[in-house]
Amino acid sequence: MMFAALSASFLARTAPLTRLFRGILVFLLMIGLLMILFGSPAQAEDYTKRDLQGMNFAGQDLTGSKFLKANLRQSDLSHVKAAGVNLFGANLSKANLQGADLRSATLDMANLQGADLREAQLQDSMMWLARVDGIQIEGADFTNALIRQDALSILCERATGVNPVTGRATRDTLECE
């Protein structure tokens, strides 16, 4: 009899906790279901050495992705979010990178010949051995980008416009004379 009374008393005190745990469990299950139905945030991809010639990545979030030595010739990367992306040795010749966010990107040894970088953000990017012949850079922001002197001379010849996001003149960001 005393055992039954203690059991009833214990159950009466733990019932609210049980309901709370059930509520939390249902909430977590609903969150998981919503993530499955509507998708989770984009995952960074590794496109190292892939042939992506002519691909359309326009407007995508490529943050954290790797494109080491990838062939992106004539690809559309306009308005991508690609801050910190590794494009070391990538072929970006004739690629559309207009309005791309390439802040802190690695473009060292990349082939940018004939690429469209108008209004792109390239602050703090690494472009030391990038090939830049025929590049379009109107309104691009190169603040603190690492660029070798011969490439800088080519870029300064073409530097015009103001970046619509940062409000900086392209010539000023390249420190052209």
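The values are calculated or read from the model by the stated rules, or taken from the named source; none is laboratory data. Predicted model only: the values in this text are computed from it and were never measured. Ideal geometry is used to build each Cβ from the backbone, glycine not excepted, and the neighbour counts take in all protein chains shown. Ligands, DNA and RNA are stripped out before the accessible areas are found, and what is left, the full protein with its side chains, is counted by its heavy atoms. Shrake-Rupley method; radii C 1.70, N 1.55, O 1.52, S 1.80 Å.
Structure summary
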{"read-out": "Pair list, Cβ under 7 Å, 6 or more apart: the stretch 43-58 residue within 17 Å of A110 (Cα to Cα) and of a type outside the set (F, W, Y), other residue open to solvent by less than 90 Å² (accessible area, probe 1.4 Å) and outside any loop (DSSP other than H, G, I, E, B)", "value": "D51/N71; L52/N71; Q53/N71"}
{"read-out": "Pair list, Cβ under 6 Å, 6 or more apart: the stretch 60-75 residue at positive phi, other residue charged (D, E, K, R)", "value": "K69/K49; Q74/K94"}
{"read-out": "Cβ-Cβ under 9 Å pairs, at least 6 apart or on other chains, the stretch 145-162 side at positive phi, far side β-branched (V, I, T)", "value": "G161/I137; G161/T170"}
{"read-out": "Odd one out for E157 among (1) farther than 24 Å from D61 by Cβ; (2) charged (D, E, K, R); (3) in a loop (DSSP other than H, G, I, E, B)", "value": "(3)"}
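Rundown of residues vs (1) surrounded by 15 or more Cβ atoms within 10 Å (Cβ to Cβ); (2) not aliphatic (A, V, I, L, M), yes/no style:
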| position | (1), (2) |
| --- | --- |
| E138 | yes, yes |
| I147 | yes, no |
| E157 | no, yes |
| E175 | no, yes |
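Every residue, every condition in (1) under 19 Å from N56 (Cβ atoms); (2) in a strand (DSSP E or B); (3) without any contact (Cβ under 8 Å) to a residue 24 or more places away in the chain; (4) open to solvent by 10 Å² or more (accessible area, probe 1.4 Å), yes or no:
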site: G84; (1), (2), (3), (4): no, no, yes, yes
site: K94; (1), (2), (3), (4): yes, no, yes, yes
site: S104; (1), (2), (3), (4): no, no, yes, yes
site: M109; (1), (2), (3), (4): no, no, yes, yes
site: Q113; (1), (2), (3), (4): no, no, yes, yes
site: E119; (1), (2), (3), (4): yes, no, no, yes
site: D124; (1), (2), (3), (4): no, no, yes, yes
site: W128; (1), (2), (3), (4): no, no, yes, yes
site: G134; (1), (2), (3), (4): no, no, yes, yes
